[in-house]
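Reviewing the structure listed below.
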Amino acid sequence: METKKQDERLLTVADYRRAARAALPRMTWDYYRSGADAQVTLRRNRRAFRDCTLWPRMLVDVSERDLSTELLGARLPAPILIAPTAYQRLAHPDGELATARAAARAGTLMVVSTLATVSLEDVAACAGPRWFQLYVHKDRGLTRALIERAHAAGYSALVITVDTPLLGRRVADERNGFALPDGMVMANLAYAVGAAPSSAGSALNSYVASRHDASFTWRDLDWLRSLAPLPILLKGILRRGDAARACEHGAAGVIVSNHGARQLDGAPASLDALPGVVAAVEDRCPVLMDGGVRWGSDVLKALALGARAVLVGRPILWGLAAAGEAGVLHVLTLLREELSLAMALAGCPSLSAITRDLVEPR
């Protein structure tokens with residue numbers, strides 16, 4: 001009964017954002033919501049969607065809509081995936097387990113973060129397709145072990161985050177002295193490297209500076225590929241040249257992303273970078289995107305600009321904070337239903353009907 005009442009009150013992703021803000025301690029809220037530095041790119045991510053105009057077609061039979069898609073062998077009911085986000089137990093005691101259960105119920109794919117607060121093996125015990133997001137560490141033995149663990153646990157792809165040689169400066173985290181509370185750990189790393197070192201500012205910033213491999217380059221992709229027979233997607237691509245090079249190096253997919261505006265402030269909005277990346281890839285691999293998706297119509301805009309699917313991050317955390325597994329499931333349901341309605345109103349009965357002229361009329 002309580003869940004039903006919550007669902008009736010929480011009608012949009014923005015409603016879940018407000019509910020999460022009320023539920024979370026300030027340090028956690030600031031960690032989830034903040035971008036880097038002056039947060040210019042954070043604002044750009046949403047502005048890009050607001051400034052993108054849809055030009056609907058009329059007199060199209062949209063009595064039935066097919067939202068289903070296939071990505072690297074996974075058949076999904078809608079082109080909406082769960083982006084990798086760290087430290088989900090800060091939002092809810094069940095953390096990544098609640099998100100994974102909701103993803104399974106929704107039939108969608110979850111990308112599990114290296115910095116999860118539940119081990120990748122425990123998340124894998126939940127049904128549903130899943131990919132593993134990897135940060136390449138200076139300790140190549142640890143990097144190898146993470147890949148081998150993901151492969152053994154049944155993850156079907158690796159998502160290599162390429163935009164984080166160092167952590168972008170998040171001022172709110174420094175002011176708050178952000179750190180995990182006692183009893184909460186980076187579950188995939190705790191036994192290998194211990195807890196993040198303490199610092200006067202953000203403990204996460206200190207951890208990344210001490211552990212992430214800032215020397216990681218294109219030449220290392222062959223080594224990563226040799227460690228397990230898993231397709232590799234590169235997350236954090238914004239430039240056309242990098243997108244083309246990713247294909248040349250055998251990437252199975254490219255994710256257009258500015259890391260939720262948490263890395264280089266002043267970088268372009270993901271949506272603005274998307275068309276150039278799609279053009280550079282030339283259908284050699286699927287292009288996905290994340291950053292700023294809050295409505296089903298946002299998904300429609302991204303698909304019209306060439307994305308095969310979108311990933312959502314913060315909205316999932318807001319659902320988790322507000323109502324646990326039920327909240328995550330409801331956020332996914334809202335976005336899927338909004339996308340279906342937007343497709344109907346735009347004259348698109350299927351994903352294949354979502355073409356570039358919806359945003360650039362001819």
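The values are calculated or read from the model by the stated rules, or taken from the named source; none is laboratory data. Everything numeric in this text was worked out from a predicted model, so none of it was measured. Every residue, glycine among them, receives a Cβ derived from its backbone with ideal geometry; neighbour counts consider all protein chains shown.
Observations on the structure shown:
- Selection within the range 13-49 - farther than 22 Å from residue 264 by Cα and either surrounded by 15 or more Cβ atoms within 10 Å (Cβ to Cβ) or of a type in the set (Lys, Arg) (or both): 13, 15, 16, 17, 18, 19, 20, 21, 23, 24, 26
- With respect to (1) β-branched (Val, Ile, Thr); (2) farther than 30 Å from residue 249 by Cα; (3) more than 15 Å from the chain's Cα centre (by Cα); (4) crowded, with 21+ Cβ neighbours inside 10 Å, the lone exception for residue 171 is condition (4).
- Checking each residue in the range 75-106 for being small (Gly, Ala, Ser) and either crowded, with 21+ Cβ neighbours inside 10 Å or touching a helix residue (DSSP H, G or I) at 6+ places or on another chain (Cβ under 9 Å) (or both) picks out 78, 83, 86, 91, 95, 98, 100, 102, 103, 106.
- Check on residue 341, under 24 Å from residue 105 (Cβ atoms) and within 14 Å of the chain's Cα centre (by Cα): no
- Restricting attention to the range 306-341, the residues being free of Cβ contacts under 8 Å to residues at least 60 places away in the same chain and closer than 15 Å to residue 359 by Cβ number 1.
- Of 201, 194, 107, 154, all but one fail to be over 21 Å from residue 30 (Cβ atoms), at pLDDT below 95 and more than 16 Å from the chain's Cα centre (by Cα); the exception is 194.
- Only one of the numbered conditions (1) closer than 22 Å to residue 237 by Cα; (2) in contact with a helix residue (DSSP H, G or I) (Cβ under 8 Å, 6 or more places away or on another chain) is not met by residue 308, and that is (2).
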